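Contents: one structure, followed by commentary.
The values are calculated or read from the model by the stated rules, or taken from the named source; none is laboratory data. Here the structure is a predicted model, which is why all the values come from computation and not from measurement. Neighbour counts run over all protein chains shown; Cβ positions are idealised from the backbone, glycine included.
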């Protein structure tokens, strides 16, 4: 059974501020921050604002449901040129690391001066080690902008299991 960790808006703000402080404390500067859609967009926007750095986004599709993934694929790309720039790629978390690896593989041939990565959470089984992160966590993280979506996906998943004769799981609680 999937365990959930719920992040409310207050905690989210504190977490992103802490991640920004960690990035700032190392003294590394960036020319461009790239947020990975969807979860990395809010994180990247706050970090870019606080560090006063230009921002862009890349859209990668990999999740099909709660704890259900497919091979990551880039759906839309950048508007900014990364050549010669110090780039920080930002996402909300790194699970197995496939999404981040896909984005880095896409960016490297474009010849940025440097590529760094930042996330709020890293899963213990991740194949990618981010340059900046706050916590190693093995739970499914539910951010404040996805409460209804996760509740719907969990209910759909539980209904599918029940039809197949599996154990029915309750969707995450309403908050």
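Number of residues in region 2-30 that are touching a residue at least 40 places away in the same chain (Cβ under 8 Å), outside any loop (DSSP other than H, G, I, E, B) and within 12 Å of residue 120 (Cα to Cα): the value is 7. In region 31-46, the qualifying residues are those that are assigned to a loop (DSSP other than H, G, I, E, B) and under 19 Å from the mean Cα position of the chain (by Cα), and the one that is modelled with the highest pLDDT is 39. Here residue 128 passes the criteria (1) modelled with pLDDT of 80 or more; (2) in contact with a strand residue (DSSP E or B) (Cβ under 6 Å, 6 or more places away or on another chain); (3) surrounded by fewer than 16 Cβ atoms within 10 Å (Cβ to Cβ); (4) over 18 Å from residue 47 (Cβ atoms) except the one numbered (3). Within region 88-109, identify whether any single residue is in contact (Cβ under 8 Å) with a residue 24 or more places away in the chain, more than 12 Å from the chain's Cα centre (by Cα), more than 17 Å from residue 11 (Cα to Cα) and not in a helix (DSSP H, G or I), and answer yes or no. Yes: one or more hits.
The conditions of being touching a residue at least 12 places away in the same chain (Cβ under 8 Å) and either touching a helix residue (DSSP H, G or I) at 6+ places or on another chain (Cβ under 6 Å) or over 21 Å from residue 89 (Cα atoms) (or both) are met by residue 153. For residue 83, the criteria (1) touching a helix residue (DSSP H, G or I) at 6+ places or on another chain (Cβ under 8 Å); (2) modelled with pLDDT of 95 or more; (3) surrounded by 13 or more Cβ atoms within 10 Å (Cβ to Cβ) hold in every case but one, which is (3). Tell me, please, whether a residue that is assigned to a strand (DSSP E or B), over 14 Å from the mean Cα position of the chain (by Cα), touching a residue at least 24 places away in the same chain (Cβ under 8 Å) and crowded, with 17+ Cβ neighbours inside 10 Å can be found in region 47-63. Scanning region 47-63 turns up at least one residue that is assigned to a strand (DSSP E or B), over 14 Å from the mean Cα position of the chain (by Cα), touching a residue at least 24 places away in the same chain (Cβ under 8 Å) and crowded, with 17+ Cβ neighbours inside 10 Å.
When you scan region 93-111, do you find a residue that is at pLDDT 95 or above, surrounded by fewer than 20 Cβ atoms within 10 Å (Cβ to Cβ) and in contact with a helix residue (DSSP H, G or I) (Cβ under 8 Å, 6 or more places away or on another chain), even just one? No, every residue in region 93-111 fails to be at pLDDT 95 or above, surrounded by fewer than 20 Cβ atoms within 10 Å (Cβ to Cβ) and in contact with a helix residue (DSSP H, G or I) (Cβ under 8 Å, 6 or more places away or on another chain).
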